[in-house]
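Worksheet: the structure to be examined is printed underneath.
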Amino acid sequence: MGKTIIEKIWDRHKVYQEEAKPDLLYIDLHLVHEVTSPQAFEGLRLAGRDVRRPDLTYATMDHNIPTKDRWSITDQIAKKQIDVLVDNCNEFGVELAGLDSPNNGIVHIIGPELGLTQPGKTIVCGDSHTSTHGAFGALAFGIGTSEVEHVLATQSLWQNRPKTMEVKIDGRLSSGVSAKDIILALIAKYGVNFGTGHVVEYRGEAIRGLTMEERMTICNMSIEGGARAGLISPDQVTFDYLEGRPNVPQGEAYQAQVEEWKQLATDEDAAFDSTLTLDASEVKPMVTWGTNPGQGVAIDGTVPAPEEGKTETEQRAIRQSLDYMGLTPGTKMEDIQIQHVFLGSCTNARLSDLREAARYLIGKKVAKGVRAMVVPGSMKVKRQAEEEGLSKVFIDAGFDWRDAGCSMCLGMNPDQVPEGERCASTSNRNFEGRQGKGARTHLMSPVMAAAAAVHGRFVDVRELDVTTQA
Amino acid sequence: MEAFREHRGSVASLPYVNVDTDQIIPKQFLKRVERTGFGQFLFYNWRFLDGDSKNPDFPLNQPHMEGASILISDHNFGCGSSREHAAWALQDYGFKVIIAPSFGDIFYNNSFKNGLLPLRMPEDIVHSWLEKGKESTFQLRVNLEEQTIEDEEGAHHSFDIDPYWKNMLIYGLDEIGITLQYEDYLKEYEAAK
Ligand code: SF4
C-alpha cells in the first residue's frame, strides 16, 4: 500500500525507534522568536549546553515589537525580551532577522519568503501557527518552550506517530470567496477540535487551485481545528513559488531538487485514519460571531441562540460567548457595526492579501468612526506593497500603514482594541481578550475586512462584485 | 523535573469547554524572561475585575476551591497558543494534576515537560466531578504508578498514559540529558543526509 506525505516525511526523519517509545525525530529547521525562547536559552546556559545546529536555526522578533517607531520600545519588559533575544543569538551563534534587518517579519511569513521553508522538511517553532509552513508539503508544528530547548540542544524531538486525516475540499470557490473562508467554514462545520492528535492533509480540486499564499492561509489555521499540523502535497505551484529564492538550490541543482520533492506527494493508494469533506462551491464569505474560531457563520446568516447548542455545555459556551461579544441572537451579521479593522497577521498579511484588499479600496474611504490599520506580515511585503502603490491606496482610503509585526493579532505591543469595541480582523483567533481586554474580535478575509472598513459594518462582498472593480 | 508518583489533593471545578491558553495566561504576562512567578496571573482576565478586585462569579474564586491542587475542566482544555507559560502558571498557582475529557495537543505535552500531570478521563466521570465540585470540594488521590484515581467513596478509576511520559514523571528525568545519550544515532543520521 502507498504512503501519505505525512508518513513519508516521518519515516525519513526517524533517528531512533524502539518499541513502546515515541520516535526520535530529526528537525530540519527550527524557527525562534522572542516570546517563547528566553527560558529555553537560559536552560541551555544553566546546563552548560550549546545549540547543536545553529545553521538549522533562524530567529526573528515579531510578537511584541511596535509597528510604529519600531526603535522606540517604551514597554521596558518587552524591550528586555527583545534585548535578551539579541544577546542569546549572539552568544549561541544563531542568525537573527532583527529590527534592522530587511528580512524581519512574522516568523511564519519570512520562513517561506526566504526559501527556508521547503517540501519534505520537519519544521518547528515555539508557536502554534507553525502549521503555516505545511503549505509547502513540510511537516511543521508548534512546540512549547521546553521542546524549544530540547531542539536547540539536540536538533530532535521525541514524538509519537500522529494519526493522519484527510480533509478533502472539492468544488470551485465562488467569486468573492477566499481561502480564509474555506478554513473558517471548515472549522465552523467540524468544530475547534476535529483535528486533535492528527496531522491533516488538505486535498482535493479546490486546494490544487489555490496559490501558495492561499494555501498558507489554510494551513495556518489548522491548529484552530485542533490539528497538530496541516499540510498540502507539493506540486508545480509550490516549485514555482520556491524557484530563485535564497536558501534553495539554484539552476540545475534546483531541478534535481524538484524531482526529489515530487516523490513526496501522497500516493494514490495511501490510506488515512479518517476523512472529512467540504464542498468549496458551497462556501460563502464567513464572519465569526463568538470567542473561538469555530463560532462563525456565513455573512448572510444571523447570530445563533444558545438553544442551538446540542449539549448543555455547548449552550453555556454559546451564552458565554454572546455575553462577551455583546450580541443578541437573531441579529443579522450584516447589521453588526465595527469600530476597528485590522489587516494583518501570519494568516493574512502577505502581498496577495494586501492586493485583494487594496483592489477593493481604490477610490473609497474608511467609514467615519472606524480606525483601520494595515500591518504587513514582513518588511519585504511592506517594501513590495509600497513599490506597487498598494500603500498609497490604503493611506488614501484612511488606513494606518505600519511596519511589520504580529501587532493587533495578539496585542502584546501597543496595538490593541479598547474594551467593548468591535474589530473586523484578518487574524486567526477571536479568543476573549486576544486583541485587548474586553475587545471583541470578528475573524474574516482581507476583502471582507476592507469592505467592513468602508461600510462601518459587515457586508457581503459578493454583492459588491469586488472582482470587477479595478 | 520533580518526580511524580502519587498525589492526593482537593479539587477545583472549572466547567468550561475549550479553555484556551490565552485565558489561562493572558498575553500581557508573556514578556517575562523567567519561568517562575506566573501563578499570580493565572486566568487573570477571568479571576479579576477591573482594578484587580476578585471576580466573585469565577469558579476558582469560590472559597471552597481555595488550596485546590487538582483542576478539573471540560473538553479541549489548553487549546490554542503554544505558550508554555500556561503550564507554568497552573503549576505555580499550586496545581499538580489537570483532569479533562480532552486537551489541546501542545498544552498536553508542555504539561508533562514540567511535571504537571494532564489526565484524560471519560466524559461522564469528568462531568459528574465537575457537577460535584460546584458547591463543595472533595478529594481525589492520583496514583501514577498504578494509573488510577481513587475518589472519596473508594472507587478506583483507571486512566491511560503514554509509558514514555509515565516513566519520565515517575523518575523526574531530564529529557535533554537522555536524548544526548543518543548522540551516536544523531551523528549517524546527520552523516547520511
Ligand atoms: S501573527 Fe498572531 S498568530 Fe501569527 S505568529 Fe504572530 S501572534 Fe501568532
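Just subtract the alpha-carbon distance of A:E91 and A:R245 from 0.36 nm times their residue separation and send over the number in nm, one decimal. Let's see the in-between values first.
Details: separation 154, 0.36 × 154 = 55.44 nm, distance 2.83 nm.
Net length gain for the segment: 52.6 nm.
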**Item:** Residue-span extension gain [A:E463 to A:K262] - 0.36 nm each, minus C-alpha spacing
**Value:** 68.3 nm
**Item:** Separation in nanometres of the label points that stand 7 Å from Cα toward Cβ, at A:T311 and A:K79
**Value:** 4.9 nm
**Request:** Once you have a ≥ b ≥ c as the square roots of the Cα gyration tensor eigenvalues for the range A:35-159, tell me rounded if a/c is under 1.5, and otherwise prolate or oblate according to whether a/b is larger than b/c.
**Result:** oblate
**Request:** Report the charge-dipole magnitude of the range A:5-275 in Debye, nearest 20, computed about the Cα centre from +1 at each Lys and Arg Cβ and -1 at each Asp and Glu Cβ.
**Result:** 440 debye
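In percent, how large is the relative contact order of the range A:121-270, given Cα pairs closer than 8 Å and 6 or more residues apart? Provide the component values of the computation, followed by the final result.
Numbers: 252 pairs, mean separation 42.7, N = 150.
It comes to 28 percent, rounded to a whole number.
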**Asked** With a ≥ b ≥ c the root eigenvalues of the C-alpha gyration tensor of the protein assembly as shown, is it rounded (a/c under 1.5), prolate (a/b larger than b/c) or oblate?
**Response** rounded
**Message:** Averaged over its residues, how many other protein chain Cβ atoms are within 10 Å of peptide B:29-37's Cβ atoms?
**Reply:** 6
**Request:** Name the residue farthest towards the positive end of the dipole of chain A from the options A:H340, A:N220, A:G209, assuming +1 on Cβ of Lys and Arg, -1 on Cβ of Asp and Glu, about the Cα centre.
**Result:** A:H340
**Prompt:** With a sphere of radius 15 Å drawn around the Cβ of A:E243, what net charge do the other residues whose Cβ falls strictly inside it have (Lys, Arg +1; Asp, Glu -1)?
**Reply:** -4
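Provide the packing ranking of A:246-259, A:159-172, B:126-139, i.e. peptides ordered by the mean count of other C-beta atoms within 10 Å per residue, highest first.
A:159-172, B:126-139, A:246-259
Students often check this: by mean Cβ neighbours within 10 Å, which of A:225-231, A:38-44, A:270-276 ranks highest, and how do the rest follow?
Working: A:225-231: 27.7, A:38-44: 21.0, A:270-276: 15.4.
Descending packing order for the listed peptides: A:225-231, A:38-44, A:270-276.
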**Request:** Would you please classify the overall shape of the range A:236-383 from the alpha carbon gyration tensor, given that a ≥ b ≥ c denote the square roots of the eigenvalues, rounded means a/c under 1.5, and beyond that prolate means a/b larger than b/c while oblate covers the rest?
**Result:** oblate
**Message:** Can you bin every Cα-Cα distance in the range B:8-138 into 10 Å intervals starting at zero and give me the percent of pairs per bin, rounded to whole numbers?
**Reply:** 14, 48, 34, 5, 0
**Complete:** Over all pairs of different Cα atoms in the range A:5-275, the reciprocal of the mean inverse distance gives a Kirkwood radius in Å of 19.3 Å
**Complete:** Here the range A:291-468 gives, from Cα atoms, an Rg and Dmax in Å of 16.1, 54
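To the nearest 20 debye, what charge dipole does the range B:34-193 have about its Cα centre, counting +1 at the Cβ of each Lys and Arg and -1 at the Cβ of each Asp and Glu?
320 debye
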**Item:** Occluded residues from the range A:224-239, i.e. those whose accessible area drops by 30 Å² or more once the chain is not alone (1.4 Å probe)
**Value:** A:R228
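Counting Lys and Arg as +1 and Asp and Glu as -1, each charge on the Cβ, what is the dipole of the protein assembly as shown about the Cα centre in debye, to the nearest 20?
Charge dipole, the protein assembly as shown, about its Cα centre: 1500 debye, nearest 20.
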**Prompt:** Counting partner chain Cβ atoms within 10 Å of every residue's Cβ in B:97-109, what's the average?
**Reply:** 4
**Fill in**
Net charge near A:K68 (other residues with Cβ under 10 Å of its Cβ; Lys, Arg +1; Asp, Glu -1) is -2
**Message:** For a protection proxy built on the mean count of beta-carbon atoms within 10 angstrom, sort A:328-341, A:420-433 highest first, please.
**Reply:** A:420-433, A:328-341
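Given a Förster radius of 35 Å and the C-beta distance between B:E146 and A:K14 as r, what FRET efficiency does 1/(1 + (r/R0)^6) yield to the nearest 0.05?
Working: r = 32 Å, r/R0 = 0.92.
Here the calculated transfer efficiency is 0.60.
Report in % the part of the accessible area of chain A that belongs to carbon and sulfur, leaving out ligands and nucleic acids; probe 1.4 Å. Walk me through the numbers on the way to the answer.
Working: 7560 of 15970 Å².
Using a 1.4 Å probe with all protein chains present, chain A comes out at 47 percent carbon and sulfur.
On average, how many beta carbons from a partner chain sit within 10 Å of the beta carbon of a residue in B:16-26?
Working: counts 4, 9, 13, 0, 7, 3, 7, 5, 0, 0, 8.
The mean count of partner-chain Cβ atoms within 10 Å per residue comes to 5.
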**Request:** Calculate for the protein assembly as shown the 222 nm mean residue ellipticity that helices alone would give, adding -39,500 (n - 2.57) per DSSP H run of length 4 or more and normalising by residue count, nearest 500 deg cm²/dmol.
**Result:** -9000 deg cm²/dmol
**Asked** Which residues, if any, in the range A:148-179 have at least 40 Å² less accessible area in the whole protein complex than in the isolated chain, probe 1.4 Å?
**Response** A:H150, A:T154, A:W158
**Request:** Would you jot down the residues in the range A:284-332 that end up with at least 40 Å² less accessible area in the complete protein assembly than in the chain alone, with a 1.4 Å probe?
**Result:** A:T313, A:R316, A:Q320
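Near A:A188, within a Cβ-to-Cβ distance under 15 Å, what is the net charge of the other residues, with Lys and Arg +1 and Asp and Glu -1?
Details: positive: A:K180, A:K189, A:K284, A:K310, A:R429; negative: A:D181, A:E224, A:D279, A:E282, A:D300, A:E308, A:E314.
Overall, the nearby charge balance is -2.
The values are calculated or read from the model by the stated rules, or taken from the named source; none is laboratory data. Since the model is a prediction, treat every value here as computed from it, not as a measurement. Every residue, glycine as well, gets a Cβ built from its backbone with ideal geometry; the counts of neighbours run over all protein chains shown. Calculation scope for accessible area: heavy atoms of the full protein, side chains included, ligands and nucleic acids excluded. Shrake-Rupley method; radii C 1.70, N 1.55, O 1.52, S 1.80 Å.
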